[in-house]
Each structure stands twice: as structure tokens, then as C-alpha cells.
1. Return the pairs, sorted by first residue and then second, in which the second residue is modelled with pLDDT under 75 and not aliphatic (A, V, I, L, M), the first residue lies in segment 31-54 and is within 15 Å of residue 78 (Cβ to Cβ) and assigned to a loop (DSSP other than H, G, I, E, B), the beta carbons are less than 7 Å apart, and the residues are 6+ apart or on different chains.
2. So which residues in segment 62-82 are out of contact with any strand residue (DSSP E or B) (no Cβ under 7 Å at 6 or more places or on another chain) and either among the hydrophobic types (A, V, I, L, M, F, W, C) or crowded, with 18+ Cβ neighbours inside 10 Å (or both), if there are any at all?
3. Can you name the number of the only condition in (1) surrounded by 14 or more Cβ atoms within 10 Å (Cβ to Cβ); (2) modelled with pLDDT under 90 that residue 59 fails?
4. Somewhere in segment 27-36, is a residue modelled with pLDDT of 80 or more and out of contact with any Cys (no Cβ under 6 Å at 6 or more places or on another chain)?
Amino acid sequence: MSTPIYTGRLVISGTLVLQERLFATLPGQASHGTGEAAASIGELANISDGSIGTIGVTCVGGGTHHVLVRYNGTVWVVVAGS
């Protein structure tokens, strides 16, 4: 688990871009390869191969949905999608 660098409020004036990636490259996946065992609760990721695009539903890879997912401590959940 990584140590947070900043734990206060983050304000962004402009556009925030999360680079799109494959689900298999997220922390906690067998093919992640960085030695990081799991994601941190609240971590966000923009993926291009989501299994589902429905907000609030558990997501895995292998699909065609471009979605924003959030790690809830157990699974990745869709928080925004197409």
C-alpha cells in the first residue's frame, strides 16, 4: 500500500485527465506486475475494457466499455461511463 503524499483538499482549475488503461493493469490484478498487492480505497482509474457501463455495478475487464471505476476496498465499481 502506498503512503498518500497529500491528504487535504485538492482543487483543480481546468481539466483533469486520467489516462485510459486496461483493467488488467490496475493494482491488485495478477498481471499488474509492480508488486503492489491491492489498490487503495477510493483510488480512481479510467479503463477502456470495462465489462459493464452501469453506474454502481462491479466492473472487471474483458469488455468494451470506457468507464471510470473506483476501488471500494474489495472490488472496482463503475462511477461514470459510456
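The values are calculated or read from the model by the stated rules, or taken from the named source; none is laboratory data. Predicted model only: the values in this text are computed from it and were never measured. So basically every Cβ, Gly included, is an ideal-geometry build from the backbone, and we count neighbours across all protein chains shown.
1. Pairs that qualify, where the first residue is within 15 Å of residue 78 (Cβ to Cβ) and assigned to a loop (DSSP other than H, G, I, E, B) and the partner is modelled with pLDDT under 75 and not aliphatic (A, V, I, L, M), are 53/82.
2. Residue satisfying the conditions is 71 alone.
3. Here residue 59 clears every test but (2).
4. yes
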